[in-house]
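These notes are about the structure you will find just below.
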Amino acid sequence: MADKIKRSYKFSKNFYDDALTQNKWWSRLYFKLFWGGVDDNEIARKVLSWIPDDFEGKMLDVPVGTAVFTVDKYKRMKKADITCVDYSQDMLDRARYRFSEAKITDIKTLQGDVGAMIFHDESFDFILCMNGLHVFPDKDKAYSEILRTLKPGGEFLACFYVAGEKRISDWLVNSVLTRMGWFTPPFDTVDDVRRRLEPHYDIIDFNVEGAMLYFRAKKR
């Protein structure tokens with residue numbers, strides 16, 4: 001499974017950004033047909049707006065992907081201590097190049113597995129997880145590691161695909177995206193995510209658009 005994920009993101013690195021940001025006609029058509037016109041750009045803006053530009057603490061971004069949604073935000077966050085992790089070296093190389101082009105020199109970038117992170121307990125004030133939880137093979141470990149490394153009072157911010165909300169999206173995920181290695185089952189439903197969060201977090205914001213969920217939750 002791990003090798004399949006690496007291969008899939010190596011294969012997609014040249015069109016990954018266009019697909020997510022809907023910069024091409026085919027990507028806009030893809031989102032209209034299979035995702036009900038959900039705008040990833042707008043969801044990313046909403047999630048990132050929950051982090052103040054003048055934030056001065058420690059933040060983890062996992063998976064960073066190519067940083068296509070975050071580079072402009074991070075350029076404004078001049079006081080933050082930001083660490084970016086991704087399992088795919090190809091995605092990480094793209095993120096590093098993007099940070100370099102934007103003249104952002106103080107972000108730490110690491111190749112690593114969200115299910116076995118190297119960080120100490122209660123290391124971060126914010127943990128950002130954009131378009132990751134539908135990819136991670138062991139979701140129990142991912143949630144556990146995020147909880148472990150987040151400080152009490154820290155915030156967990158995420159957006160990702162959830163099953164059972166839109167039939168055409170479920171078909172695409174199960175018939176194409178999973179087979180290609182871009183998504184990894186099993187997939188949580190909205191209720192599954194609430195059950196994961198509620199014992200450990202106060203849910204501040206929780207939204208579903210089409211088959212995409214995004215939330216803001218504070219660790220108790």
Report task. Work through the residues other than GLY164 whose Cβ is under 10 Å from its Cβ and net out their charges, Lys, Arg +1 and Asp, Glu -1. Result -> -3
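R0 = 22 Å: FRET efficiency of ILE204 with GLU122, Cβ-based, nearest 0.05?
Details: r = 19 Å, r/R0 = 0.88.
Between ILE204 and GLU122 the formula returns 0.70.
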Query raised in the report: Once the principal axes of the Cα atoms of the range 117-169 are found, what is the range along each, listed largest first in whole angstroms?
Result: 40, 20, 13
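Based on the inverse mean of 1/r over its pairs of different Cα atoms, what is the Kirkwood hydrodynamic radius of the range 143-217, in Å?
Working: mean 1/r = 0.0748 Å⁻¹.
About 13.4 Å, per the Kirkwood formula over Cα pairs.
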Requested in this report: Compute the distribution of all C-alpha to C-alpha distances in the range 81-121, in bins of 5 Å from 0, and list the percent of pairs in each, rounded to whole numbers.
Outcome: 5, 23, 30, 23, 12, 6, 1
Report task. Measure off 7 Å from each Cα along the Cα-to-Cβ vector at TRP50 and ASP138, then give the distance between these two points in nanometres to one decimal. Result -> 2.6
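Grab the Cα-Cα distance for MET180 and TYR97, subtract it from 0.36 nm times how many residues apart they are, and report the gain in nm with one decimal. Intermediate results must be reported in sequence, preceding the final value.
Working: separation 83, 0.36 × 83 = 29.88 nm, distance 2.57 nm.
Length difference between fully extended and current span is 27.3 nm.
Figure the gain on full extension for ARG76 and THR105 (residue separation times 0.36 nm, minus the Cα-Cα span) and round it to one decimal in nm. Please list the in-between numbers first.
Working: separation 29, 0.36 × 29 = 10.44 nm, distance 1.27 nm.
Stretched fully, the ARG76-THR105 segment lengthens by 9.2 nm.
Rounded, prolate or oblate, given the Cα gyration tensor of the range 50-96, with a/c below 1.5 counting as rounded? Intermediate results must be reported in sequence, preceding the final value.
Working: a/c = 2.57, a/b = 1.88, b/c = 1.37.
Prolate, because a/c is 1.5 or more and a/b exceeds b/c.
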Query raised in the report: Based on the Kirkwood radius over alpha-carbon pairs, what is the Stokes-Einstein translational diffusion coefficient of the chain at 37 °C with 0.692 mPa s viscosity, in µm²/s?
Result: 187
Query raised in the report: With r defined as the distance between the Cβ atoms of GLN89 and GLU42 and R0 fixed at 22 Å, what FRET efficiency is calculated, to the nearest 0.05?
Result: 0.15
Query raised in the report: Of ARG195, ARG98, ARG148, which is the most mobile in a GNM of the chain whose springs link Cα atoms less than 10 angstrom apart?
Result: ARG195
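Would you please give the FRET efficiency between ILE168 and ARG195, computed as 1/(1 + (r/R0)^6) with r the Cβ-Cβ distance and R0 = 22 Å, to the nearest 0.05?
Values: r = 26 Å, r/R0 = 1.17.
About 0.30, to the nearest 0.05.
A short reminder: the numbers here are calculations on the coordinates, not readings from a lab. A quick note: this is a predicted structure, and the numbers were derived from the prediction, not measured. Methodologically, a virtual Cβ is constructed for each residue, glycine included, from the backbone with ideal geometry; neighbour enumeration extends over all protein chains shown.
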